[in-house]
Amino acid sequence: MMNKEELLHRYFLDELTSEEETMFTSLLQDDDEFKAQFEFEKSVQRVIKHKERIGLKKKIQGFEDEDQSKNITKRKVINWKPLGIAASLAVIISLGVYMYNTVFNQGTEELFASNYEKYPNTVSPIVRSGTQPQTPEQLAFEAYETDNDTKAIELFIALKEKPHPEYIDFYLAQSYLKNGQLVHAIGQFQKTILENNEFSSPSRWYLALAYLKNNDIKKATATLETIIEKGGYKNKEAKVLLGIMD
């Protein structure tokens, strides 16, 4: 029987047979250790792909710097050249800047997307029954679970107007993040971290992701370093992600 490491290796080479695919799927569902190794290997593959994108970014940056240097030299030495040439160089340089920024933004978006997974509802199980009316909290979590983020935000905010469990802040932050309201998400995650409860550790991971999605690499890096130092939630993933961003 093929060992697990070889099975993983063949998976990432896209060389699995039908029988091996069945074995792979079964292990992924039933073997927690195999699943953890698979997730780690998948992160490593992301590192490789990201490094390739970094190489492209450097080439584009070099192209941009070279064109800027040539443009300055030509202005000093042969400033009598027709305006059309200068305009053409400006277009080339602008294109270089655009391409560089596009690649950079795509990089952070891809990193966010590949690392983001919505935190599950672990505190308020939803029991759908036609006989019992749902509480405001159950309605909020039902909206959360069904990805009705705008409604979830509205209901969680209403719950905060009265004395409420500490986890409401955390799930409100989750809803903001999922809905793309990054400034609000960052504020709520920071608040939950300061409350020092069971959701403070996962809040650091999602705060790092929110910074990343917001293109704030400096704060994302600092938050990931804190996760690694404290050995908290998603510590292993934080190390991989930080390695990609270096």
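How do the peptides 11-22, 228-239 rank, highest first, by the average count of neighbouring beta carbon atoms within 10 Å per residue?
For the peptides 11-22, 228-239, the packing ranking is 228-239, 11-22.
Suppose all protein chains stay in the model; what accessible area per residue would a 1.4 Å probe give for the range 137-228, in Å²?
44 Å²
Mind giving me the nanometre distance, one decimal, between the label points for E6 and E166, set 7 Å out from Cα along Cα→Cβ?
Here the modelled spin labels are 5.1 nm apart.
Within the set K35/K118; K4/K236; K42/K230; K4/K118; K178/K239, which residue pairs have Cα atoms separated by over 26 Å?
From K35/K118; K4/K236; K42/K230; K4/K118; K178/K239, over 26 Å: K4/K118.
Let's test the formula: R0 of 22 Å, r as the Cβ-Cβ distance of V183 and E110. What FRET efficiency results, to the nearest 0.05?
0.50
Using 0.36 nm times the number of residues separating Q134 and D14, minus their current alpha carbon distance, what extension gain do you get?
Residue separation times 0.36 nm, minus the Cα-Cα distance, leaves 38.4 nm.
Treat each spin label as a single point 7 Å out from the Cα along the C-beta direction, and report the T22 to A36 distance in nm.
2.9 nm
The values are calculated or read from the model by the stated rules, or taken from the named source; none is laboratory data. Bear in mind that the values here come from a model prediction, so they are computed numbers and not experimental data. Glycine gets a Cβ as well: all are built from the backbone with ideal geometry, and neighbour counts include every protein chain shown. All accessible areas refer to the heavy atoms of the entire protein, side chains included, with ligands and DNA or RNA removed. Shrake-Rupley method; radii C 1.70, N 1.55, O 1.52, S 1.80 Å.
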